[in-house]
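Structure record follows, encoded as structure tokens.
Derivation of every value follows stated rules applied to the coordinates shown; laboratory data play no part. Just so it is clear, the model here is predicted, and its values are computed rather than measured. Heads up, the Cβs are rebuilt from the backbone with ideal geometry, glycines too, and the neighbour counts pull from every protein chain shown.
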Amino acid sequence: MTDAIRLYWGRFGHVSVLNVANDFVTHAHGEAHLIIWLEGTAGEMTIGRETVRLGPGTAAGINSFQPHSHALSHDGKPGLFLAFYIDPDWARRRRDLPSSAPLFTQAAIALEPWLHQAAANLLDHLTDNESIDDVANYEIERFIDSVLDAADATSPQMARARINTMLDFRVRKAIQLMKANVCERISFDDVARSVGLSRPHFFALFKEQTNLTPNVYWNTLRMEEAVRQLQWSEAPLISVACNLGFTTQGNFSRFFRDHV
């Protein structure tokens, strides 16, 4: 089956309707992430060190730049999901959280039946419209608020650990280099040398500081740039692919599908 991905943008960030049968490799997003299963194959997600089995009573909450993967069915049967990519600053302002606080203290979120039905209702609205109007944006924001309330209710006793925002200066420099060259080919040997480290030391330090390998972080930045260009540019898909260093539209489509 061909995987289908549709994106809709709003004040909160963006939401995707995913009809997919292939696994998602380990990746991350700059945004906070909510995954709601709707029908078909649900699969199993690995989020950091936690495992979440999605279903009508369980959603997944993923913090900004938290590594995660999704194993679907081996028989090729697809699953239908709503995937929210939430601007963490937008969410923290709404919930009066400090800038260093994660949105989720654990990955599994218990959903009551009415909340799962609300997700199905959102799906109906999104599939019937090409874009989000003000009413739909309000309903999506209200839904996100409800899921975040459910996440807090799932683990009210757990304190929110502050995110370490003080990265080693060499890791900060490497990230700056990646961001400045996101549309170019990259050599991590060159990046390591530019920050005064051997490649093994660079990879070990980067993983220790960010919980991501440089490769996964790099792909996160490329994915963010791809979404930005798709949102704001009228250029055809092949142009976006070439801008990001992909040799064919097919390679770009596979990358996008695996990291969405």
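Only Cα pairs under 8 Å and 6+ residues apart enter the sum, and on that basis the relative contact order of the stretch 4-154 stands at 28 percent.
Note on K207: aspartates and glutamates with a C-alpha under 12 Å away, same-chain residues under 8 apart excluded, are D168.
Scalar couplings 3J(HN,Hα) for the stretch 184-199, obtained by applying the Karplus form with A = 6.51, B = -1.76, C = 1.60 to θ = phi - 60°, are 10, 6, 10, 10, 6, 4, 5, 4, 4, 5, 5, 9, x, 10, 6, 4 Hz; x denotes Gly and Pro. Using a simple spin-label model with pseudo-atoms 7 Å out from Cα toward Cβ, A180 and R199 lie 2.3 nm apart.
Note on S233 and N121: their simple-model spin labels are 3.9 nm apart, each label 7 Å out from Cα toward Cβ.
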